[in-house]
Amino acid sequence: MNRKKPFFMTMLATIMLVGLIAGCGNNSNNGGNKPASGNATNEPKTENAATEAPPAADKKLVVGFAQIGAESGWRDAETDSVKATFGEDPGFELKFSDAQQKQENQIKAIRTFIAQKVDAIGLAPVVESGWETVLKEAKDANIPVFLLDRGITKGNEDLYVSFIGSDFILEGQNAAKWMIEEFGTGAQVNIVQLEGTVGASAANDRKKGFEDAIAGEAGYKIVYSQTGEFTRAKGKEVMEAYLKKDKNIQVVYAHNDDMALGAIQAIEEAGLKPGTDIKIIGVDGIKAAFEAIAEGKMNVTVECNPLLGPQLKQAILDYKAGATLEKWIKSDEDVYFGQKAIDALPNRKY
Ligand code: AHR
């Protein structure tokens, strides 16, 4: 009996080891992680933290970030935030890719990250549609994907862990709210809308939020709506062209501050006073917009937080620790105009 015991113990240990190894390949991209509270559940132990061995203390977590480009001050601030957050943490290694506004470049970058077997992927999707195939590839490779700042077409929630960013519809509504309070209900207001990148969630939703909010106001008319591609140069160009045809405008609503600042230049060059003759509404809350408000050339900026690096890092750590994450980790934001904007200027971080 004594001679059989070591053999039996060895068999038992082998069975347990095989079971452990078999479980390790089953990490999934979403759902099924243990609740953050650590409550016991009846879920199968085939998911994330329950099955994944924690990284060795000296092993860095490698994160691939597929950025859109550098079209605006906001985008630069987001890039800086991501680079600083991961660059300053010895527990991480960041692989950064700039897609120069092209979705095909972002898809290539994601495929490279998959081939490099990164631990997590961050993606700021330039447009909403067309991500299913490549995100499915990441999911099949058991690499969690986190969407940063912009969303993808609804119905694909199983292809990413969390979306970290703003409520763009609310931003559009807040822009309209300021305008209606400024001019009053029943006013006659001609509006030029400078839209962001065609197909981007930030452009689609800011347009929807704004247009829905003025739908019941017969006097508020969008007389022209055109993309300015989220850039200052294009915002100026579109505004210049429109002012040659028509100067009877009371409001410019730009989907970001850079286009608003471009429009301000065009309005000045056309001999009008931005901020007075034509009210200027932007979105983002970049420092240059606060300066323009302080100079009286711009009226309001609806804040959109680009400093998302720390939230991305925390989400990755939480996911790796087995927590269940919110599907949408929302940013907290404000609306700045008048004295409130002037007072906030010295403390703006971007
Ligand atoms: O997705 C966020 C938007 O993208 C910002 O408003 C804009 O400035 C940026 O380019």
Subject >> Residue count for segment 131-151, restricted to those that are within 17 Å of the chain's Cα centre (by Cα) and either surrounded by fewer than 22 Cβ atoms within 10 Å (Cβ to Cβ) or not β-branched (Val, Ile, Thr) (or both) >> reply: 9
Original post:
Looking only at helices (runs of 4 or more DSSP H) that fall completely inside segment 13-120, which ones have 2 or more residues that are at pLDDT 95 or above, small (Gly, Ala, Ser) and over 26 Å from the mean Cα position of the chain (by Cα)?
Top reply: none
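So which of 233, 241, 315 ends up being farther than 22 Å from residue 165 by Cα and away from the ligand (no atom under 15 Å from the Cβ)?
241
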**OP:** Starting from segment 188-203, keep only residues that are more than 12 Å from residue 252 (Cβ to Cβ) and more than 12 Å from the ligand (Cβ to nearest atom), then list their pairs with residues that are outside any loop (DSSP other than H, G, I, E, B) and β-branched (Val, Ile, Thr) whose Cβ atoms are within a distance under 6 Å, requiring at least 6 positions of separation or different chains.
**Re:** 198/227
**OP:** Give me a count of the residues in segment 261-296 that are among the basic types (Lys, Arg) and closer than 21 Å to residue 171 by Cα.
**Re:** 2
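The values are calculated or read from the model by the stated rules, or taken from the named source; none is laboratory data. Source: prediction; values computed, not measured. In this analysis, Cβ positions are derived from the backbone assuming ideal geometry, glycine residues included, and neighbour counts consider all displayed protein chains.
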